[in-house]
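Have a look at the structure below, then the notes.
Bear in mind these aren't lab numbers, they're just calculated from the coordinates by the rules spelled out. What you see is a predicted model; the values in this text were computed from it and never measured. Using ideal geometry, Cβ is built from the backbone for each residue, glycine included, and neighbour counts are taken over all protein chains shown.
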Amino acid sequence: MQRGKASGPDDLCAEHLMYAHPSLVIHLKSMFQLILKHGFVPTNFGSGVSMPLIKDETGDINSPPITLSPVVSKLIEMVVSDICSE
């Protein structure tokens, strides 16, 4: 995960997970296993905050907005993507 990115609606960023206590890995693993076993994803994993992002000096406001997603949902997407690519 990239450092220095804005936090999502949960106010957590990648640094929170990177520098968290190692026991967090055990809890996240248990949660991910339960999600995969029961096929139920928490509703908040799908939430996000959309905001416009002006990318050029001309101030073109027609560029698509970015969506800030919860960092834990990004993590599970990475895990599932990695599992599916094997």
Rough spin-label spacing in nm, given labels placed 7 Å along Cα→Cβ, for E57 and A14: 2.9
Pick out, from H16, L53, T67, the residue whose Cα sits farthest towards the positive end of the charge dipole of the chain, with +1 on the Cβ of Lys and Arg and -1 on the Cβ of Asp and Glu. H16
Taking Cα atoms, how many degrees apart are the long axis of helix 23-38 and the longest axis of the chain, rounded to 10 and kept between 0 and 90? 90
Once you put a point 7 Å from the Cα of F40 and another 7 Å from the Cα of D82, both along the Cβ direction, what distance in nm separates them? 2.6
I'd like the orientation of helix 71-85 relative to the chain: the angle between its Cα long axis and the longest Cα principal axis, in ° from 0 to 90, rounded to 10. 70
Taking placed amide H atoms and a strict 5 Å upper bound, the residues 5 or more places from I66 or on another chain that come that close are M51, L53
Residues meeting the amide H criterion for K5 (H placed from the backbone, H to H distance under 5 Å, 5 or more places apart or on another chain) are A14
